[in-house]
Amino acid sequence: TQLLEQSPQFLSIQEGENLTVYCNSSSVFSSLQWYRQEPGEGPVLLVTVVTGGEVKKLKRLTFQFGDARKDSSLHITAAQPGDTGLYLCAGVAGGNTPLVFGKGTRLSVIA
Amino acid sequence: DAGVTQSPTHLIKTRGQQVTLRCSPISGHKSVSWYQQVLGQGPQFIFQYYEKEERGRGNFPDRFSARQFPNYSSELNVNALLLGDSALYLCASSLDVRTLGATQYFGPGTRLLVL
């Protein structure tokens, strides 16, 4: 069973601060996706990373896939209240296997 | 274009009852997956359907079943409800049908409460 451990579980920061959340596993993933989920809604895809060492930027969000494709990080610069939500990482182990999700990091950005 | 739609948005049932949840995928998407998200957890894969055929099943009991219709919409059925079935049930559609792990586009979910 492939497990994705996300840390921290909860994070509360002031507007303007930077933060990093982590997604780690002992398994290798062929691709990894990051989603944001707001209360009462389904997860919304932010990015997919597929190459070890890959870095993708989406405005103030920077995503990195580890060289060994076992871990990933999400860095947010100058966080805003609109960044508040549950950040989920999900990986595909390869072959015809479904997405495996972590438990998520719940981020609260206070104005 | 409309995203994935699900109905109903909320549902309250009692133990032992049966429930049917409905999902319409994004136009042009032929693959539909169902996930269960218990409070405080990430979504957990239940089923994937493509062209009315089950392509994958997660670790869920036989009380859970699903089907897909010719218009690619789908229903998830849960029989003999247990308190532990209380969760947000998410439907996702995918354009890529080659693998179960293709990029998923999620609907808003149906929140089921079993009393």
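We did not get these values from a lab; they are worked out from the coordinates using the rules stated. Since the structure is predicted, the reported quantities are computational estimates derived from the model, not experimental observations. Cβ: placed from backbone, ideal geometry, glycine included. Neighbour counts: every protein chain shown.
What Cys residues in the protein assembly as shown have no fellow cysteine's beta-carbon under 4.7 angstrom?
Result for the protein assembly as shown is empty; each Cys has a Cβ neighbour under 4.7 Å.
Ignoring the sites themselves, what is the longest stretch of chain A with no trypsin sites (Lys or Arg not before Pro) in a DSSP loop and at most 15 other beta-carbon atoms within 10 Å?
Longest stretch, sites excluded: A:1-58.
Of A:LEU45, A:SER26, A:ALA68, which is farthest on the positive side of the dipole of the range A:5-110, counting Cα position, with +1 on Lys and Arg Cβ, -1 on Asp and Glu Cβ, and the Cα centre as origin?
The residue sitting farthest along the positive end of the dipole is A:ALA68.
In cubic angstrom, how much convex hull volume per residue do the alpha carbon atoms of the range A:5-110 span? Kindly include the intermediate steps, with their values, before the conclusion.
Details: hull volume 9.2 nm³, N = 106.
Per-residue hull volume (Cα only) is 87 Å³.
Quick one: what do you get for the protein assembly as shown if you divide its Cα Rg by 2.2 N^0.38 Å?
Normalised by 2.2 N^0.38 Å, the Cα Rg of the protein assembly as shown equals 1.01.
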